[in-house]
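*Asks:* Quick one: the structure is below, and I'll ask about it shortly.
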Amino acid sequence: MSTAGEHEQGTATSSNNTLGSEQRPLRVAIVGSGPSGFFTAQALLKAGISVHVDIFERLPTPYGLVRTGVAPDHQKIKSVSKVFERIAANDACHFWGNVTIGEDIAVDELRRHYDAVVFAQGAQTDRRLNIPGEDLPGSYTATEFVAWYNGHPDYVDRQFDLSSETVAVIGQGNVAVDVCRILAKTPDELKTTDIAAHALEQLAESRVKTIYMIGRRGPVQAKFTHLELLELDDLADAEPIVDRAELELEPASWDDLKRNSGAEVERVYESLKRIAYEEHPPRARQIHIVFRRKPLRIVGGEHVEGLEIERTRLVSEGTRVRAEGTGETEVIPCGIVFRSVGYLGVPLPGVPFDEENGVIPNRSGRVLENGAVLPGVYTAGWIKRGPTGIIGTNRADAKETVEALLEDLPSLTPCAEPDSTQVARHFEYTGRRIVSFDDWTRIDREEMRRGEEASKIREKFVNVMDMLHLIEKTKMEPSP
Ligand code: NAP
């Protein structure tokens, strides 16, 4: 246990054997190594107490959605991993990759070795639409498509049939925009990114020409941000199309716009207007941004053949604007549907869960069981608040959780076995191969090397066994 760096700052004042003192550092396990996990670690390391932080991750690779969710052509956003690298470099912070909490080690077992556990595993699945035809071949979730093109090992074998010329994307959040953009880009626009090789290959064969991005509400209620929208207007051989008539606002939307004057909503609306009135040279692919249509049914027998939608009218309900069906329906003929209606958290054995909202019930990060605080158990990120916000949102969110934890420090019950070597022994005994941060840097270096060879930013490993073999192989090689 080191007292290096930020961690050292607060230790001088602690002199007794209480949690957080030099003699008895506070031991925290963080479940999940995405942005919320790393920002939680950062807040703990800056807290001015002596801490030992172990971050557990299901994959051998860290950074969660920064690696497997952020689009490959958004490298600037992905560069936040440099911040996480610096956090991981702190001697008080340790990465335990390739471990599934609840499978490789039970939550109760974890609690025997840590004074506090913070669940920050994110939202791992997608919301369902609950409409007929949702599971027809050719109907996919955006989350699986995103994970596939980002080389997530669990999604490598997914097949996306891109032989149809028309695609319907349901939802108008930033994930829907990512999906439309990746479908619309030329291979040349993608080939130097860190997109998975299998995805680049299949996208190069794609026959997709017409993409509909469909929102059940209007232009003022679209969830995407204006910078992401403008990226659609800056593609090599594709153009966004907005019907001017759809930008006319009903009273409910005017009220909404007035309420959000000067905010992102206004910038989005202005950008949509600009796009609608722009003259485009004809391009190979069109992205139609369509408003006030709700999905009713995915049509087809053996495969998707169309999407039945219903026109909506927007009505105010307090400060919210709701879409109401008008009874007027139509079918968009298409061979592919992507459902992009939000991520959803999944329960972890031994941890309270709110099924309705897909989150861990909590108050400011303190986990609640039947309404009462569960001592020593905390949560951060999407599994705490739901799948909203940008990466930076997780910094403030994690800070709130760590503040709650520090407030509780005097009353926390010290764990029974404050020793990470016992945890390591558990995995030795069960035969689980742990991937350390040093191991990950071996994977990282090799991916960068392969990337250089292929004139890409990075060529990802997409198979866990290949990653583990690489680690073993490089460990046997003499150091450079
Ligand atoms: P989101 O922003 O919540 O968007 C979900 C979309 O699905 C909304 O348009 C929503 O419409 C629609 N929807 C939900 N249920 C529906 C239903 N039953 N029928 C029809 N439409 C339905 O979610 P997301 O796009 O998955 O993004 C998740 C978070 O990640 C967001 O905070 C996003 O900004 C962030 N993100 C950021 C970036 C970036 O910064 N570049 C990239 C990707 C993701 P309603 O509004 O009517 O509910």
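The values are calculated or read from the model by the stated rules, or taken from the named source; none is laboratory data. Just so you know, these numbers come straight off a predicted model, no measurement behind them. Neighbour counts run over all protein chains shown; Cβ positions are idealised from the backbone, glycine included.
*Asks:* Could you tell me which of the residues 279, 189 is surrounded by fewer than 22 Cβ atoms within 10 Å (Cβ to Cβ), among the acidic types (Asp, Glu) and either free of Cβ contacts under 8 Å to residues at least 24 places away in the same chain or not in a helix (DSSP H, G or I) (or both)?
*Replies:* Residue meeting the stated conditions: 279.
*Asks:* Condition (residue is within 16 Å of the ligand (Cβ to nearest atom), surrounded by fewer than 16 Cβ atoms within 10 Å (Cβ to Cβ) and touching a residue at least 60 places away in the same chain (Cβ under 8 Å)) applied to the range 82-98: is it met by at least one residue?
*Replies:* no
*Asks:* Still on this model: Would the range 195-210 turn up any residue that is closer than 23 Å to residue 306 by Cα, within 16 Å of the ligand (Cβ to nearest atom) and either assigned to a strand (DSSP E or B) or at pLDDT 95 or above (or both)?
*Replies:* Taking every residue of the range 195-210 in turn, none turns out to be closer than 23 Å to residue 306 by Cα, within 16 Å of the ligand (Cβ to nearest atom) and either assigned to a strand (DSSP E or B) or at pLDDT 95 or above (or both).
*Asks:* Here is a follow-up. Can you tell me which residue within the range 152-184, out of those that are over 19 Å from the mean Cα position of the chain (by Cα) and surrounded by 24 or more Cβ atoms within 10 Å (Cβ to Cβ), is nearest to the ligand (Cβ to nearest atom)?
*Replies:* 168
*Asks:* A further question on this structure: Taking interchain pairs and intrachain pairs at least six residues apart, which have beta carbon atoms under 9 angstrom, with the first residue in the range 347-376 and of a type in the set (Val, Ile, Thr) and the second at pLDDT 95 or above and loosely packed, with under 12 Cβ neighbours inside 10 Å?
*Replies:* Sorted first by the residue in the range 347-376, then by its partner, the pairs are 373/363.
*Asks:* Mind listing whichever residues of the range 351-390 are among the β-branched types (Val, Ile, Thr) and either assigned to a strand (DSSP E or B) or touching a Ser or Thr at 6+ places or on another chain (Cβ under 9 Å) (or both)?
*Replies:* Matches in the range 351-390: 351, 359, 360, 367, 373, 377, 379, 383, 390.
*Asks:* Which condition does residue 396 not pass, out of (1) within 16 Å of the ligand (Cβ to nearest atom); (2) among the hydrophobic types (A, V, I, L, M, F, W, C); (3) part of a helix (DSSP H, G or I); (4) buried (at least 17 other Cβ atoms within 10 Å of the Cβ), if it passes all the others?
*Replies:* (4)
*Asks:* Listed residues 167, 175; which is in contact with a helix residue (DSSP H, G or I) (Cβ under 8 Å, 6 or more places away or on another chain) and within 30 Å of residue 316 (Cα to Cα)?
*Replies:* After ruling out the rest, the residue left standing is 175.
*Asks:* Here are some residues: 360, 391. Which one is surrounded by 19 or more Cβ atoms within 10 Å (Cβ to Cβ), more than 16 Å from the ligand (Cβ to nearest atom) and under 19 Å from the mean Cα position of the chain (by Cα)?
*Replies:* 360
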